[in-house]
């Protein structure tokens with residue numbers, strides 16, 4: 001494999017990551033709409049904690065540092081809130 005081929009694969013992975021983030025954002029907006037219709041709070045602290053534990057454990061099995069997984073995920077949640085907040 002050449003460096004150019006490897007870079008192309010990295011670019012494709014980056015594009016897939018963006019697509020997955022957009023998909024996740026859409027699903028979060030739908031979940032929030034369902035919660036609003038049911039009169040529930042948007043933020044579920046217990047669920048977020050459960051998800052964080054699961055992701056850190058999964059990340060560790062994939063060779064990722066759990067602290068890095070948490071930092072990345074917290075940033076995703078922070079950005080999600082900015083893009084999904086009512087204007």
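The figures follow:
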| quantity | calculated |
| --- | --- |
| Unmet criterion (only one of (1) closer than 21 Å to residue 79 by Cβ; (2) assigned to a loop (DSSP other than H, G, I, E, B)) for residue 21 | (2) |
| Among residues of region 24-58, those that are more than 17 Å from residue 72 (Cβ to Cβ) and either part of a helix (DSSP H, G or I) or touching a residue at least 40 places away in the same chain (Cβ under 8 Å) (or both), counted | 15 |
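To keep it simple, each residue is scored yes or no on (1) at pLDDT 95 or above; (2) exposed (fewer than 10 other Cβ atoms within 10 Å of the Cβ); (3) in the same structural domain as residue 31 (by TED's automatic domain parsing).
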site: 50; (1), (2), (3): yes, no, no
site: 61; (1), (2), (3): yes, yes, no
site: 71; (1), (2), (3): yes, no, no
site: 83; (1), (2), (3): no, no, no
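The values are calculated or read from the model by the stated rules, or taken from the named source; none is laboratory data. All of these numbers come straight from a predicted model, not from anything done at the bench. So basically every Cβ, Gly included, is an ideal-geometry build from the backbone, and we count neighbours across all protein chains shown.
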